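Chemist: First, the structure itself, so that you have it in front of you.
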């Protein structure tokens, strides 16, 4: 699943943004702004690769408002694995606005009722973002 459209079609519910940007200053607030998110890095939580996978799998698998299944869990795991392999390197850092895999509190970065996602630092100042938004 290289094409973001195929991910959007597979999930079907809510809104998804998927992008790669370049930001050479390593300023996470600027990175957030480039993704169209609230440019406040203090709202980000750094995660391990394992935690990032769990967050991404959960967001692909179930909608945020009602926990309805958006796609089979196995498909969500496959997509999450592929995205992390494609957009991370051993030195990558992983950021989200909480820990959606545990459905714990989060810091909203959009105007939506629910929003969460993952930002991955790559090499040479590149960042990958996949962000999900749902309404109640």
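Chemist: Of the residues that make up the stretch 89-101, is at least one part of a helix (DSSP H, G or I) and closer than 16 Å to residue 127 by Cα?
Modeler: Among the residues of the stretch 89-101, not one is part of a helix (DSSP H, G or I) and closer than 16 Å to residue 127 by Cα, which makes the answer no.
Chemist: Another question about this same structure. Please verify whether residue 50 is surrounded by fewer than 20 Cβ atoms within 10 Å (Cβ to Cβ) and in a helix (DSSP H, G or I), treating the condition exactly as stated.
Modeler: yes
Chemist: On to the next question. Within the stretch 6-34, can you find the residues that are exposed (fewer than 14 other Cβ atoms within 10 Å of the Cβ) and out of contact with any strand residue (DSSP E or B) (no Cβ under 9 Å at 6 or more places or on another chain)?
Modeler: Once the filter is applied, which keeps residues that are exposed (fewer than 14 other Cβ atoms within 10 Å of the Cβ) and out of contact with any strand residue (DSSP E or B) (no Cβ under 9 Å at 6 or more places or on another chain), the stretch 6-34 yields 6, 9, 12, 24, 25, 27.
Chemist: Just one of 59, 83, 37 is buried (at least 18 other Cβ atoms within 10 Å of the Cβ), outside any helix (DSSP H, G or I) and at negative phi; which is it?
Modeler: Only one candidate passes the filter, namely 37.
Chemist: Do we have any residue at all in the stretch 11-32 that's more than 14 Å from residue 126 (Cα to Cα), outside any loop (DSSP other than H, G, I, E, B), without any contact (Cβ under 8 Å) to a residue 24 or more places away in the chain and under 15 Å from the mean Cα position of the chain (by Cα)?
Modeler: no
Chemist: Being in contact (Cβ under 8 Å) with a residue 12 or more places away in the chain, within 14 Å of the chain's Cα centre (by Cα) and outside any helix (DSSP H, G or I) is the filter here; which residues of the stretch 62-80 pass it?
Modeler: 63, 64
Chemist: Could you please let me know if residue 65 is surrounded by fewer than 16 Cβ atoms within 10 Å (Cβ to Cβ) and at pLDDT below 95?
Modeler: Here the answer is yes, as residue 65 does meet what is asked.
Chemist: Among the residues of the stretch 112-123, write down those that are surrounded by fewer than 16 Cβ atoms within 10 Å (Cβ to Cβ) and either in contact with a strand residue (DSSP E or B) (Cβ under 8 Å, 6 or more places away or on another chain) or at pLDDT 95 or above (or both).
Modeler: Selection gives 113 alone.
The values are calculated or read from the model by the stated rules, or taken from the named source; none is laboratory data. Nothing here was measured: the structure is a model prediction, and the numbers come from that model. Please note: Cβ atoms are built from the backbone with ideal geometry, for glycine as well, and neighbour counts cover all protein chains shown.
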